[in-house]
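The values are calculated or read from the model by the stated rules, or taken from the named source; none is laboratory data. All of these numbers come straight from a predicted model, not from anything done at the bench. Note that we place each Cβ from the backbone using ideal geometry, even for glycine, and neighbour counts take in every protein chain shown. Protein only, heavy atoms only, side chains kept; ligands, DNA and RNA dropped before computing areas. Shrake-Rupley method; radii C 1.70, N 1.55, O 1.52, S 1.80 Å.
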Amino acid sequence: MTLIEHAPILLIAIPLLAAFLTPIVGRVNSLLRNFEMIIALISIEFLAILLSYDVIRNGIRTYTLGAEIPGLTSPAGFPVRIILEVDAMNAFISLIASSITLIVAIYCLNFMKEQRILDKFYTLLLLLLTGMLGLTLTGDFFNLFVFLEILSVSSAALIAFYVQRGEALESAFKYMVISSVGALMVLFAIGLLYGQYDLLNMAAIADSIQGSFLDKVALTLLISAFLLKAGSVPVHMWKPDAYGEAPAPVSVLLLTSALVSLYVLFRIFTIFAINPVLLGWILAILGILSIFLGVSMALIQNNLQRLIAYSGIAEIGYIILGVGSGLVEFPSPTGFGFTAISGGLFHILNDTLDLGLLFLIAGAIFYLTGKRDLSIGGLAHSQPTLAVFFLIGMGAVSGLPPFNGFASKLMIYESVYYLNPLLAIIGILGSILMLAIFVKVFSAIFLGIPYDKELRKIPGSMLAVMGILALSIIFIGLFPNLVLESIITPATKALINPKNYIEAIL
Amino acid sequence: MDQMSKIVRTIASLLIVPGMIFGLYVIMHGHLTPGGGFQGGAVIATISALFIVAYGERIKGILNQDVLSLVESMALLAFISLAFLGISVTFFHNFLANSGKIFGASVSGVNPGYLNTGGIIPLMNLVVGLEVSAALSLIVLVMYFSSRNEVVKDVT
């Protein structure tokens, strides 16, 4: 038994084990519980790095639960057990999910210190990570549904964390209802596929799919459900409420889970590949609408977290626009299609870093002042570091040159321009508006006469994780080629060559 | 809600025996008949619901939230540990099947239904039953308290 052979399942099993251990350890000592959680998260991060490195070098790795050897996927000629399948694409996503959760957990240690029921909070945090990693790594449709449910239930409970405020409960209920509708659509689609092909494995279904009317219905249901979880335009209504009412670090995790849903969407798209041109156009149009609606709604918000949530909708729009216009060239995207898809995937990474930093700053402002709206003013006098971090996040999210947002947005613009110049122009206008919005926020919160009340100090660990995010934003902005060549290009190649994904199972 | 009459309370206490036996039967035969850990656990949890109806306010002395919560966490931990024990082969590998002694050899074809040859599956059913019965009892208990507008200790 080697560690790397079991890495795919350990990525799901260790957070689950840690989640179940947390309430018991928390009874003994809260310090011990924090230690246990951080150790678990660090080991997950280590495994994710190890797995990504291995997968990019040696190709797809599969894991069959309960079999005699991990690689035995089809003992009787067709896959029967639960199978995890990792290629460069989902290794990349699992790396993002585990790193962001580690950062958020370190941030929470001090941010959440004064709250009660922390045992349950950390349990839910780890369950959320389990859901995200499970959705990412699984190669089985029913398993996908189960992890989607784990994700929905734990997110809803986390959104309702400030339960004494009625709005938090209301938005958690809204999220619960909407994600249950999404989960039912997924279940119905799985039923349709299972009824026709007697298979639950994604790769095996993709191999034998006929493109019949029922398949199209199932595909539409799956796409709608995962667009709903990602929060693209026609189904974005739960997002501002959920992101605005949840504790700020939880909003970062909700954002990451939306990006994980986007990954599942792209995977279903490429392996089934029924009518990719039409679906690509639909995605591109939805992306443009998301950008337009996200920035125009963010303009009028007064609550910082809601504002960032709306700009999050716009950022999701950029990802969908990039990947959607790349899919128009499917099944052999070589020229602008390849750039568009890798730009979209690159933007997944940049989006988590930028908006994650902004959400954590919003949390720090709430920690300092207890306020969630923009009526603060003059915070830069006493908190210069926070102001600098905000400037970095602002520049990155609106795509200014030295930061990472510029690199991925430029790739999206120049490739989308080949598809249709109008789409690229609307995208650029959206970015400019985004800058205007955040300049307004910056002046409202940080500039002006000094904040009059006595402020407490921001704990060092909170500043440190924000610093790590800010540094990685600048680093990726200065050396985008390094990240592109080492991670993004293998991920794009894995995504656009579904043949390898299918053949690794059969 | 006050406690109900002595007749109801006595019958509720007597019903523990058949209720428990039926619940445990469903759990232990999970790998042979329809049902299993979840269903059997739900059957056991109905006894808690019955007790809440019969005893009303006095339930605080009978069912302890803290203990139920601990049982729930321990059962979850036991479940994932059983899965981890098979990891020398693969995660969730049934390492007890065919291991001889009391676990015997696994059977196939028509057979009367042996309880012991399922390897770790009956054990997993058992811990799931424990977890579900504790969790559902806890849910019913918390719902009872909040229906009386009493704030439960954890939820402020």
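If you check B:V132 against the conditions, is it under 21 Å from A:E68 (Cβ atoms) and away from every other protein chain (no Cβ under 14 Å)? Before the answer, list the steps.
On the way: under 21 Å from A:E68 (Cβ atoms): no; away from every other protein chain (no Cβ under 14 Å): yes.
No; evaluated as a whole, the condition is false for this residue.
From the list A:A189, A:A183, pick out the single residue that is open to solvent by less than 10 Å² (accessible area, probe 1.4 Å) and farther than 30 Å from A:A48 by Cα. Steps first, please.
Working: A:A183 fails: farther than 30 Å from A:A48 by Cα.
Criteria check complete, one pass: A:A189.
Where in segment B:1-98 are the helices (runs of 4 or more DSSP H), entirely inside, with at least 2 residues that are of a type outside the set (D, E) and more than 14 Å from every other protein chain (Cβ to nearest Cβ)? Walk me through it before giving the result.
Numbers: elements: B:6-28, B:37-55, B:59-62, B:65-85.
In segment B:1-98, the matching helices (runs of 4 or more DSSP H) lie at B:6-28, B:37-55, B:59-62.
Can you name every residue in segment A:52-80 that is of a type in the set (D, E) and away from chain B (no Cβ under 14 Å)? Lay out the reasoning, then the answer.
Here is the first cut: in segment A:52-80, the residues of a type in the set (D, E) are A:54, A:68.
Residue satisfying the conditions is A:D54 alone.
Among the residues of segment A:72-88, write down those that are touching a Lys or Arg at 6+ places or on another chain (Cβ under 9 Å), touching a residue at least 24 places away in the same chain (Cβ under 8 Å) and more than 13 Å from A:G139 (Cα to Cα). Talk me through it step by step, then tell me what you get.
Going residue by residue through segment A:72-88, those that are touching a Lys or Arg at 6+ places or on another chain (Cβ under 9 Å) are A:72-73, A:75, A:84-88.
Imposing the further condition that a residue be touching a residue at least 24 places away in the same chain (Cβ under 8 Å) reduces the set to A:73, A:84-88.
Of everything in segment A:72-88, just one residue is touching a Lys or Arg at 6+ places or on another chain (Cβ under 9 Å), touching a residue at least 24 places away in the same chain (Cβ under 8 Å) and more than 13 Å from A:G139 (Cα to Cα), namely A:A88.
Residue-wise test of (1) surrounded by fewer than 24 Cβ atoms within 10 Å (Cβ to Cβ); (2) at pLDDT below 90; (3) among the small types (G, A, S).
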| residue | (1), (2), (3) |
| --- | --- |
| A:T256 | no, no, no |
| A:Y263 | no, no, no |
| A:G287 | no, no, yes |
| A:N302 | yes, yes, no |
| A:P331 | yes, yes, no |
| A:I348 | no, no, no |
| A:G356 | no, no, yes |
| A:K371 | yes, yes, no |
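Applying the selection to segment A:148-167, what residues are within 14 Å of another protein chain (Cβ to nearest Cβ) and farther than 26 Å from A:F20 by Cβ?
Listed by number, the residues that qualify are A:Q164, A:R165.
Is it the case that B:Y144 is of a type in the set (S, T, Y), more than 15 Å from the chain's Cα centre (by Cα) and closer than 30 Å to B:K6 by Cα?
Numbers: of a type in the set (S, T, Y): yes; more than 15 Å from the chain's Cα centre (by Cα): yes; closer than 30 Å to B:K6 by Cα: yes.
Here the answer is yes, as B:Y144 does meet what is asked.
Of the residues A:A396, A:A380, A:A387, only one is in contact with a Phe, Trp or Tyr (Cβ under 6 Å, 6 or more places away or on another chain), within 16 Å of A:F438 (Cα to Cα) and surrounded by fewer than 20 Cβ atoms within 10 Å (Cβ to Cβ); which?
From the options A:A396, A:A380, A:A387, the qualifying one is A:A387.
Return only the number of the condition from (1) over 24 Å from B:S48 (Cβ atoms); (2) out of contact with any Phe, Trp or Tyr (no Cβ under 8 Å at 6 or more places or on another chain) that B:L141 does not satisfy.
Failing condition for B:L141: (1).
Scan segment B:109-139 residue by residue and report those that are assigned to a helix (DSSP H, G or I) and either without any contact (Cβ under 8 Å) to a residue 60 or more places away in the chain or open to solvent by 50 Å² or more (accessible area, probe 1.4 Å) (or both).
The first filter runs over segment B:109-139 and keeps only residues assigned to a helix (DSSP H, G or I), leaving B:116-118, B:121-139.
B:N116, B:T117, B:I121, B:L123, B:L126, B:L130, B:L136, B:I139 - these are the residues of segment B:109-139 that are assigned to a helix (DSSP H, G or I) and either without any contact (Cβ under 8 Å) to a residue 60 or more places away in the chain or open to solvent by 50 Å² or more (accessible area, probe 1.4 Å) (or both).
Out of A:S179, A:S212, A:S98, report the one residue that is among the small types (G, A, S) and more than 27 Å from A:L349 (Cα to Cα). So that I can check it myself, show each step before the final result.
Working: A:S179 fails: more than 27 Å from A:L349 (Cα to Cα); A:S98 fails: more than 27 Å from A:L349 (Cα to Cα).
It is A:S212.
Can you find a residue that is part of a loop (DSSP other than H, G, I, E, B), free of Cβ contacts under 8 Å to residues at least 60 places away in the same chain and surrounded by fewer than 24 Cβ atoms within 10 Å (Cβ to Cβ) anywhere in segment A:410-417? Even if it seems obvious, please write down each step before you answer.
At the first step, the residues of segment A:410-417 found to be part of a loop (DSSP other than H, G, I, E, B) are none.
No.
Which condition does A:L471 not pass, out of (1) under 24 Å from the mean Cα position of the chain (by Cα); (2) open to solvent by less than 80 Å² (accessible area, probe 1.4 Å), if it passes all the others?
Checking A:L471 against (1) under 24 Å from the mean Cα position of the chain (by Cα); (2) open to solvent by less than 80 Å² (accessible area, probe 1.4 Å), the one that fails is (2).
What number of residues within segment A:24-59 satisfy the criterion of being crowded, with 20+ Cβ neighbours inside 10 Å and modelled with pLDDT under 90?
Number of matching residues: 1.
Kindly indicate the residue of segment A:101-137 that is within 12 Å of another protein chain (Cβ to nearest Cβ) and in contact with a Cys (Cβ under 9 Å, 6 or more places away or on another chain) and also farthest from A:H6 (Cα to Cα) among those meeting that condition.
Among those that are within 12 Å of another protein chain (Cβ to nearest Cβ) and in contact with a Cys (Cβ under 9 Å, 6 or more places away or on another chain), it is A:L118.
For segment A:1-17, which residues satisfy the criterion of being open to solvent by less than 30 Å² (accessible area, probe 1.4 Å) and either farther than 18 Å from B:I87 by Cα or within 10 Å of chain B (Cβ to nearest Cβ) (or both)? If you could, list the steps in order and put the result at the bottom.
To start, the set of residues in segment A:1-17 that are open to solvent by less than 30 Å² (accessible area, probe 1.4 Å) comprises A:6-13, A:15.
Passing the criteria: A:H6, A:P8, A:I9, A:L10, A:I12, A:A13.
Among residues belonging to segment A:333-342 that are over 12 Å from A:I487 (Cα atoms) and open to solvent by less than 20 Å² (accessible area, probe 1.4 Å), point out the one that is farthest from the chain's Cα centre (by Cα).
Applying the first criterion (over 12 Å from A:I487 (Cα atoms)) to segment A:333-342 yields A:333-341.
Next, only the ones that are open to solvent by less than 20 Å² (accessible area, probe 1.4 Å) stay: A:333, A:337, A:340-341.
Values: A:P333: 24, A:G337: 22, A:A340: 19, A:I341: 16 Å.
If we take residues in segment A:333-342 being over 12 Å from A:I487 (Cα atoms) and open to solvent by less than 20 Å² (accessible area, probe 1.4 Å), then A:P333 is farthest from the chain's Cα centre (by Cα).
What's the number of the only condition in (1) open to solvent by 10 Å² or more (accessible area, probe 1.4 Å); (2) assigned to a helix (DSSP H, G or I) that A:L283 fails to meet?
The single condition A:L283 does not satisfy is (1).
What is the number of the single condition among (1) hydroxyl-bearing (S, T, Y); (2) surrounded by 18 or more Cβ atoms within 10 Å (Cβ to Cβ); (3) within 14 Å of chain A (Cβ to nearest Cβ) that B:S106 does not meet?
(2)
Could you tell me which of the residues B:S13, B:S69 is under 27 Å from A:I14 (Cα atoms) and surrounded by fewer than 20 Cβ atoms within 10 Å (Cβ to Cβ)? Please lay out each step first, then the result.
Numbers: B:S13 fails: under 27 Å from A:I14 (Cα atoms).
B:S69 is the lone residue from the list that is under 27 Å from A:I14 (Cα atoms) and surrounded by fewer than 20 Cβ atoms within 10 Å (Cβ to Cβ).
Within segment B:139-156, which residues are modelled with pLDDT under 90 and within 14 Å of another protein chain (Cβ to nearest Cβ)?
Passing the criteria: B:V142, B:S146, B:V151, B:V152, B:K153, B:D154, B:V155, B:T156.
Go through (1) on the phi > 0 side of the Ramachandran plot; (2) surrounded by fewer than 21 Cβ atoms within 10 Å (Cβ to Cβ) for A:G231 and report which single condition fails.
(2)
Regarding A:A40, is this residue among the small types (G, A, S), closer than 22 Å to B:F79 by Cβ and within 11 Å of chain B (Cβ to nearest Cβ)?
Numbers: among the small types (G, A, S): yes; closer than 22 Å to B:F79 by Cβ: yes; within 11 Å of chain B (Cβ to nearest Cβ): no.
Spelling it out, it is not the case that A:A40 is among the small types (G, A, S), closer than 22 Å to B:F79 by Cβ and within 11 Å of chain B (Cβ to nearest Cβ).
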